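Please read the structure below before turning to the comments.
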Amino acid sequence: MGLFRSAMIGVAAALSFGLASAQAADLSEIRIDWATYNPVGLLLKKEGLLEKEFVKDNISIRWVQSAGSNKALEFLSAGSIDFGSTAGAAALISRVNGNPIKSVYVFSRPEWTALVTRADSPIATVQDLKGKTIAVTRGTDPHIFLVRALADAGLKETDVTLVLLQHADGKLALLRGDVDAWAGLDPLMASAEVEEKAKLFYRKPENNTWGVLNTTETFATEHPDIVKRVIATYEQARAQAIADPAALKAALVEAAKLPEDVIAKQLERTDISQPTIGDLQRDTISKAGLALQSAGVLPADVDIQKVTNELIDDSFAVGKTQ
């Protein structure tokens, strides 16, 4: 019986290796994004870790910049990338709207958004935003953060004028005086704060949703071993970032083209210690979804918990065996 069991284990291992090899053979390229709001991903790119992992399979790595969660989600929906970095709540909205994505890994627990105004502005509270203009990038965590802040203050989107801009343009619009406030995003927000003395007049860290790595349902189904290997390689970069914070900072300085003190401010409020996706993310993301539903941003008939459960796929979770 022992010999039979050993033989069966050997067969199973061979089949598993064969399946993994077949999955790799089906691919010639992995397309993955990089973003300045995902510091671990920047170190992953700079160190060429994915390239080293997949060179033996003759799989090349193509890097695509995402300027915000909305862009990463557009790329995933269009099939132009295989992995994209977004805020958890932004991924939920996209899933509600029919984008068949799966969140498979946590790259950070950040406080990357707040409501920002100029140093000389009289705006001090969310209530002061009534009748004002606010720069925001729709479909991103700053947008979701703004909607929740307005709702908590008894205001609606119709009580303010939203000026829809990408994050970098939103910052410029604020500093030029074209808008009264900005729903900011790091590291651009840290730049405005450190270099321009901009005021973060409303902060609520718990309403910042997790930074998650997403893939498409199709890719996860057809290439599960590739997904696991990408996550394992991300983990190498995360371990290096924790062991060598200076390397993480250098990668971010290089990519964002911002001074070290700005990047230090961003990293102060970026937690990279919790990579495993699961119940914590489900709770935070579903609460964000319910808040957006109450504010009328998401349809009343959507089952937020069901969609959240469909979004978060913990079958690839760090340390989990299948």
Output the residues belonging to the stretch 183-198 that are under 24 Å from LYS287 (Cβ atoms) and touching a helix residue (DSSP H, G or I) at 6+ places or on another chain (Cβ under 7 Å).
-> ALA183, GLY184, LEU185, ASP186
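To keep it simple, each residue is scored yes or no on (1) assigned by the TED database to the domain that holds GLY48; (2) assigned to a helix (DSSP H, G or I); (3) touching a strand residue (DSSP E or B) at 6+ places or on another chain (Cβ under 8 Å); (4) open to solvent by 70 Å² or more (accessible area, probe 1.4 Å).
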{"position": "ALA241", "(1), (2), (3), (4)": "yes, yes, no, no"}
{"position": "ILE263", "(1), (2), (3), (4)": "yes, yes, no, no"}
{"position": "THR276", "(1), (2), (3), (4)": "yes, no, yes, no"}
{"position": "ASP283", "(1), (2), (3), (4)": "yes, yes, no, yes"}
{"position": "LYS306", "(1), (2), (3), (4)": "yes, yes, no, yes"}
Count - residues of the stretch 127-162 that are part of a strand (DSSP E or B), in contact with a helix residue (DSSP H, G or I) (Cβ under 9 Å, 6 or more places away or on another chain) and either among the polar types (S, T, N, Q) or farther than 22 Å from ALA288 by Cα (or both) | 1
Is it the case that LEU27 is over 17 Å from the mean Cα position of the chain (by Cα) and under 30 Å from ILE304 (Cα atoms)?
-> no
Flag if LEU76 is over 14 Å from ILE312 (Cα atoms), without any contact (Cβ under 8 Å) to a residue 40 or more places away in the chain and part of a helix (DSSP H, G or I) = no
Sole residue being assigned to a loop (DSSP other than H, G, I, E, B) and aliphatic (A, V, I, L, M), chosen from ALA173, ALA124 | ALA124
Taking VAL160 as the residue in question, decide whether it is over 21 Å from the mean Cα position of the chain (by Cα) and within 21 Å of ASN38 (Cβ to Cβ).
-> no
Could you list, in sequence order, all residues of the stretch 203-227 that are assigned to a strand (DSSP E or B) and surrounded by 24 or more Cβ atoms within 10 Å (Cβ to Cβ)?
-> GLY211, VAL212, LEU213, ASN214, THR215
Residue, farthest from LYS265 (Cα to Cα), within the stretch 127-142, restricted to residues that are of a type outside the set (Gly, Ala, Ser) and open to solvent by 10 Å² or more (accessible area, probe 1.4 Å) | LYS130
Members of the stretch 74-108 found to be open to solvent by 10 Å² or more (accessible area, probe 1.4 Å) and within 15 Å of TRP210 (Cβ to Cβ), listed by number = ILE93, SER94, ARG95, LYS102
Within the bounds of the stretch 286-302, is there any residue that is touching a residue at least 12 places away in the same chain (Cβ under 8 Å), closer than 17 Å to GLU111 by Cβ and under 19 Å from the mean Cα position of the chain (by Cα)?
-> yes
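The values are calculated or read from the model by the stated rules, or taken from the named source; none is laboratory data. This one's a predicted model, so the numbers in the text were calculated from it and none came from an experiment. Cβ: placed from backbone, ideal geometry, glycine included. Neighbour counts: every protein chain shown. All accessible areas refer to the heavy atoms of the entire protein, side chains included, with ligands and DNA or RNA removed. Shrake-Rupley method; radii C 1.70, N 1.55, O 1.52, S 1.80 Å.
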